[in-house]
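The values are calculated or read from the model by the stated rules, or taken from the named source; none is laboratory data. Every value quoted in this text rests on a predicted model; they were computed, and no experiment measured them. Methodologically, a virtual Cβ is constructed for each residue, glycine included, from the backbone with ideal geometry; neighbour enumeration extends over all protein chains shown. The protein model used for the area step is the full one, side chains on, heavy atoms only, and it has no ligands, DNA or RNA in it. Shrake-Rupley method; radii C 1.70, N 1.55, O 1.52, S 1.80 Å.
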Amino acid sequence: QVMFVESGGDLVQSGDSLRLSCAVPGFSLQYYATGWFRQTPGEEREGVAVIGATDGSTYYADSVKGRFTISKDSATNTVYLQMNSLKPDDTGVYYCAANLLRTRATAPINHEFAYWGQGTQVTVSS
């Protein structure tokens, strides 16, 4: 069974940095774009960043551009999200998932992604 496992979330202060990890054992990162999303109660899940399978393409939401960096290590089947200059608005549960329809990073459409992990909580205090 494919299971994405997110980790690295924490309670931090505004301006701090975090690196989230998404372990994807048994899943090849060479064939699918992979994305990070975040969600707060009562709101739609928001696409934060996407990385392409092999073409080096990336997508970032305007709200995180210049602060967040998505990367991956195919050797360890791990996707990372480096988050710098965190703001209270970055608070939420962060999920990773794979786009089963695309190999290139594009503005994410939620229903195209699958294998959502359980999420990791990021809380940024002011």
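Computed values, structure above
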| read-out | value |
| --- | --- |
| Fully extended contour minus Cα-Cα distance, from VAL5 to THR103, at 0.36 nm per residue | 33.2 nm |
| Heavy-atom accessible surface of the chain: percent carbon and sulfur, 1.4 Å | 47 |
| Two-decimal log10 I(q)/I(0) for region 8-82, as the Debye equation yields it once each C-alpha is a single scatterer, q = 0.17, 0.26 Å⁻¹ | -0.70, -1.33 |
| Viscosity 0.890 mPa s, temperature 25 °C, Stokes-Einstein D of the chain from Kirkwood C-alpha radius, µm²/s | 173 |
| Trypsin sites (Lys or Arg not before Pro) within region 1-87, DSSP loop, no more than 16 other Cβ atoms inside 10 Å | LYS65, ARG67 |
| Segment TYR31-SER71, extension gain: residue separation times 0.36 nm, minus the distance between their alpha carbons | 12.9 nm |
| Check: region 26-126 dipole with +1 on Lys, Arg Cβ and -1 on Asp, Glu Cβ, in debye | 160 |
| Estimated D of region 49-123 in µm² per second, where Rh is the Kirkwood radius over Cα pairs and Stokes-Einstein applies at 4 °C, 1.567 mPa s | 98 |
| Heavy-atom accessible area per residue - the chain, 1.4 Å, Å² | 50 |
| Pair SER63, HIS111: separation of 7 Å Cα→Cβ label points (nm) | 2.2 |
| For region 71-79, 3J(HN,Hα) per residue [Karplus equation, 6.51 cos²θ - 1.76 cosθ + 1.60, θ = phi - 60°, Hz, x = Gly/Pro] | 8, 8, 10, 5, 5, 10, 6, 10, 10 |
